[in-house]
Amino acid sequence: MIKRICLTALAAAVLTTGTVIADGHEPQAKRQDLMKSVGKAAKPMGQMLRGDMAFDAQVLNESLEKFLYVSQQYGDLFPAGSESGYETEAAPAIWEDRAGFDEALGNWRSAVEKALAAQPATLEDAKPLAGGVFQTCKGCHDTYRIEND
């Protein structure tokens with residue numbers, strides 16, 4: 001009896017894991033997960049810039065490293081056919097103006113690389129660099145994102 005319960009639990013775990021893995025392979029799901037990780041990384045940066053959190057260069061650099069990681073793969077997650085589904089917030093402009101979208105992603109990556117290379121040690125040094133990063137985020141979101149409520 002215990003053996004049957006264990007086998008049933010194991011089978012359920014494998015099936016559940018398989019479903020999650022299969023869902024995670026869709027580009028819409030991957031890009032949503034990546035943007036959620038960017039949002040989590042952006043939170044402490046914003047708190048530091050607003051003065052709601054003490055400046056911490058290590059936290060800033062960790063956030064920027066996450067941004068860089070995402071920026072290096074994000075553009076590949078918008079193949080034809082992924083315009084809808086998974087409650088995507090991707091605007092049709094991504095596919096209609098692919099060159100503009102790729103340029104916007106490149107601008108984001110460049111701003112992140114510039115901020116990382118500068119290794120700001122103070123809030124005063126970090127503000128213009130982080131501001132540049134966030135401006136590129138906003139520019140891309142304004143054109144290439146549909147905010148779903």
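Can you tell me which residue is surrounded by the fewest Cβ atoms within 10 Å (Cβ to Cβ) among those in segment 99-144 that are touching a Ser or Thr at 6+ places or on another chain (Cβ under 7 Å) and within 23 Å of ASP56 (Cβ to Cβ)?
In this case the residue turns out to be ALA111.
Go through segment 119-149 and report how many residues are among the basic types (Lys, Arg) and assigned to a helix (DSSP H, G or I).
Count: 2.
Yes or no, residue by residue, for (1) hydrophobic (A, V, I, L, M, F, W, C); (2) under 11 Å from the mean Cα position of the chain (by Cα); (3) under 22 Å from ASN107 (Cβ atoms):
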| position | (1), (2), (3) |
| --- | --- |
| GLN28 | no, no, no |
| SER37 | no, yes, yes |
| MET45 | yes, no, yes |
| TYR69 | no, yes, yes |
| GLN73 | no, yes, yes |
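Checking the structure you have, find out if any residue of segment 68-82 is touching a helix residue (DSSP H, G or I) at 6+ places or on another chain (Cβ under 7 Å) and of a type in the set (D, E, K, R).
No: segment 68-82 contains no residue that is touching a helix residue (DSSP H, G or I) at 6+ places or on another chain (Cβ under 7 Å) and of a type in the set (D, E, K, R).
When only residues in segment 111-149 that are β-branched (Val, Ile, Thr) and under 17 Å from the mean Cα position of the chain (by Cα) count, which is farthest from SER71 (Cα to Cα)?
Filtering segment 111-149 for residues that are β-branched (Val, Ile, Thr) and under 17 Å from the mean Cα position of the chain (by Cα), the one farthest from SER71 (Cα to Cα) comes out as ILE146.
If you check every pair at least six apart or on different chains, which have Cβ atoms under 9 Å apart with a residue in segment 41-58 that is touching a residue at least 24 places away in the same chain (Cβ under 8 Å) first and a residue that is hydroxyl-bearing (Ser, Thr, Tyr) second?
Close Cβ pairs (under 9 Å, with a partner that is hydroxyl-bearing (Ser, Thr, Tyr)) amount to ALA41/SER63; ALA42/SER63; MET45/SER63; PHE55/THR122; ALA57/THR122.
Based on this model, can you work out whether ALA80 counts as open to solvent by 40 Å² or more (accessible area, probe 1.4 Å), within 15 Å of ARG31 (Cβ to Cβ), among the aliphatic types (A, V, I, L, M) and in a loop (DSSP other than H, G, I, E, B)?
On the way: open to solvent by 40 Å² or more (accessible area, probe 1.4 Å): yes; within 15 Å of ARG31 (Cβ to Cβ): yes; among the aliphatic types (A, V, I, L, M): yes; in a loop (DSSP other than H, G, I, E, B): yes.
In short, yes.
Is it true that LYS66 is part of a helix (DSSP H, G or I), open to solvent by 90 Å² or more (accessible area, probe 1.4 Å) and modelled with pLDDT of 95 or more?
Here the answer is no, as LYS66 does not meet what is asked.
Any residue at all in segment 85-94 that's in contact (Cβ under 8 Å) with a residue 60 or more places away in the chain, open to solvent by 30 Å² or more (accessible area, probe 1.4 Å) and more than 30 Å from ASP125 (Cβ to Cβ)?
Scanning segment 85-94 turns up at least one residue that is in contact (Cβ under 8 Å) with a residue 60 or more places away in the chain, open to solvent by 30 Å² or more (accessible area, probe 1.4 Å) and more than 30 Å from ASP125 (Cβ to Cβ).
The values are calculated or read from the model by the stated rules, or taken from the named source; none is laboratory data. Note that the structure is predicted; figures quoted are calculated from it, not measured. A quick note on method: Cβ atoms are made from the backbone with ideal geometry, for glycine too, and the neighbour counts reach across all protein chains shown. Each accessible area value is taken on the protein alone, full model and side chains, heavy atoms only, with ligands, DNA and RNA left out. Shrake-Rupley method; radii C 1.70, N 1.55, O 1.52, S 1.80 Å.
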